[in-house]
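Worksheet: one structure, shown below.
The values are calculated or read from the model by the stated rules, or taken from the named source; none is laboratory data. A quick note: this is a predicted structure, and the numbers were derived from the prediction, not measured. Glycine also receives a Cβ, built like all others from the backbone with ideal geometry; neighbour counts cover every protein chain displayed. The accessibility values were calculated without ligands, DNA or RNA, using every heavy atom of the protein model including side chains. Shrake-Rupley method; radii C 1.70, N 1.55, O 1.52, S 1.80 Å.
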Amino acid sequence: MYRKVEDFLEDWTVSSEGTANVMKAMTDEKLGQAIVEGHSSLGWLSWHLVGAAGAFGHFAGFQVQGPGQQDPQPTSAQEIVERYETLAQAIKEEATKLTDEDLLGEVTGFTGPTKRGKLLSMLISHETHHRGQMTVLLRQAGLTVPPIMGPTKEMQG
């Protein structure tokens, strides 16, 4: 749980930049890459992260505009990246308006009342989880996995 706004902002900057870099490694042709037939694809996961960032931002009380549940997944990897980067920047700008005390305030989360600082921690954990899935799919698709928290296996040898 975040208790200091500057800590969230530091982590969000690293997390959102890492997520954007993973998304930038996708190609339009490989958006359908899934671990096996019927499972989440690169395109689905990346668009899910755009939508989820909007939902988390909404629950946190931020004035951000994510896609609606009925908005179709774009067929362009570049469009997904652009939508994500715009939303990630909006979350960052909204978070700078918070005080440390605001992080202790309760908001309505996905499962009911939760502290805003906890919700923002869940946002980053959610991104990390799906970003990890995406790196596996990138590798399966024969695409280059970008460094996120250090060098990739390919960079080490």
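List of remarks:
- Scattering profile of the range 112-152 at q = 0.14, 0.15, 0.17, 0.25 Å⁻¹ [log10 I(q)/I(0), Debye over alpha-carbon scatterers]: -0.44, -0.49, -0.57, -0.84
- Average accessible surface area per residue within the chain, 1.4 Å rolling probe, Å²: 55
- ³J(HN,Hα) computed for each position of the range 67-84 - Karplus, 6.51 cos²θ - 1.76 cosθ + 1.60, integer Hz, glycine/proline x: x, x, 4, 8, 5, x, 5, x, 8, 10, 4, 4, 5, 4, 4, 4, 5, 5
- Taking the alpha carbon gyration tensor of the range 1-64, multiplying each eigenvalue by 5 and rooting it gives semi-axes of 27, 14, 10 Å, largest first.
- The alpha-carbon atoms of the range 30-109 define a convex hull whose volume equals 107 cubic angstrom per residue.
- Partner lysines for Lys97 [C-alpha distance under 23 Å; skip if fewer than 8 residues away on the same chain]: Lys4, Lys115, Lys118
- Label-to-label distance for Thr144 and Lys118 is 4.2 nm, based on points extended 7 Å past Cα in the beta-carbon direction.
- Relative contact order computed over the chain (Cα-Cα under 8 Å; 6+ residues apart), in percent: 36
- Normalised by the number of residues in the range 39-95, the mean separation of alpha-carbon contacts (under 8 Å, six or more apart) gives a relative contact order of 41 percent.
- As a calculated quantity, the FRET efficiency between His39 and Asp102 at R0 = 41 Å, using C-beta atoms, amounts to about 0.60.
- A cut-off of 5 Å between modelled amide H atoms, ignoring neighbours fewer than 5 places along the same chain, links Gly109 with Thr114.
- The translational diffusion coefficient of the chain, from Stokes-Einstein at 25 °C and 0.890 mPa s with a Kirkwood hydrodynamic radius over alpha carbon pairs, comes to 152 µm²/s.
- Using θ = phi - 60° and Karplus 6.51 cos²θ - 1.76 cosθ + 1.60, couplings along the range 85-99 (whole Hz; Gly, Pro as x): 4, 5, 5, 4, 5, 5, 4, 4, 5, 5, 5, 5, 7, 7, 9
- Sulfur and carbon atoms: percent of accessible area, the range 1-98 [1.4 Å]: 46
- If the chain linking Asp11 and Gln65 were pulled fully straight, counting 0.36 nm for each residue of separation and taking away their Cα-Cα distance, it would gain 17.3 nm.
- Each of Thr128 and Thr111 was given a label point 7 Å from its Cα along the Cα-to-Cβ line. The distance between the two points is 1.7 nm.
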